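What follows is a single structure, written as structure tokens, with notes after it.
The values are calculated or read from the model by the stated rules, or taken from the named source; none is laboratory data. Fair warning: this is a prediction, and the values are worked out from it, not measured in the lab. Please note: Cβ atoms are built from the backbone with ideal geometry, for glycine as well, and neighbour counts cover all protein chains shown.
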Amino acid sequence: MGKILLKDNIPVGNLDDKYTTRNPIGKYFIQKFLTTVTDIIMAYKEDINSITEVGCGEGYILNAIYSVAPGITMRACDFSEEIIEIARTLFPLLDFYVKSIYDIGQEDRADLIVCCEVLEHLEFPEKALKKLAETTNKYCLLTVPTEPLWRILNMARGKYIHDFGNTPGHIQHWTYHQFINLVRSRMDIIATKFVVPWTVVLCKKK
């Protein structure tokens, strides 16, 4: 992206333009991640008529979903007006709007709520999970960085050394099992995947 975008002193979007990286290793990890997300959605496609992505950033994940399931009604929101304008420019066929995860409600309801790489940025992730559980009609698909692997890999590539590999804006740090237990406190877990270096969870409202 070329610069760090901030809203309320929180970095928004992707500090590294990982979705368009030319690095072959980076491309492999991102493609594996996106394929895992879309494969999970396709496995439940017959039960999903609508999708809302919360905390969509520049829109790359919603676009990946749209590429495999264009018949599903879908839209996405983010709390940053600037990042939503970027998403609209990159993917003009998709529906983006401005809203914080803490403010989602009845008008944002969908059969599947997607929330990828968001919760680790939040001061109150439990409150956000409660909102997601209340808003979905059926399912939630959640992803977060798996710690400490995320920071180890950042250090290995020489990133954020002074912060011991912590990506700016990441204030929550869950291991795979810690995140599973957090989600289980709010929703019933259907499937989990470990896709280096992410934890991916499909869950259902209780």
Spot the failing condition for LYS206; the list is (1) closer than 20 Å to ASN49 by Cα; (2) at pLDDT 95 or above, and only one is missed. (2)
Out of all the residues in segment 98-121, is one or more touching a Lys or Arg at 6+ places or on another chain (Cβ under 9 Å), acidic (Asp, Glu) and within 13 Å of ILE51 (Cβ to Cβ)? yes
Mind checking which residues of segment 135-173 are modelled with pLDDT under 95, hydroxyl-bearing (Ser, Thr, Tyr) and closer than 19 Å to PHE124 by Cα? THR167
Residues in segment 52-75 that are in a loop (DSSP other than H, G, I, E, B) and within 17 Å of CYS116 (Cα to Cα) total 5
Please go through (1) among the small types (Gly, Ala, Ser); (2) touching a strand residue (DSSP E or B) at 6+ places or on another chain (Cβ under 9 Å); (3) within 21 Å of TYR19 (Cα to Cα) for ALA64 and return the number of the only condition it doesn't satisfy. (2)
Cβ contacts < 9 Å: first residue over 23 Å from LYS131 (Cα atoms) and free of Cβ contacts under 8 Å to residues at least 12 places away in the same chain, restricted to segment 83-106; second residue loosely packed, with under 14 Cβ neighbours inside 10 Å and among the aromatic types (Phe, Trp, Tyr), any location; separation 6+ or different chain. Result? none
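Looking at GLY71, GLY57, which one is at pLDDT below 95 and either touching a strand residue (DSSP E or B) at 6+ places or on another chain (Cβ under 7 Å) or buried (at least 19 other Cβ atoms within 10 Å of the Cβ) (or both)?
Among GLY71, GLY57, only GLY57 is at pLDDT below 95 and either touching a strand residue (DSSP E or B) at 6+ places or on another chain (Cβ under 7 Å) or buried (at least 19 other Cβ atoms within 10 Å of the Cβ) (or both).
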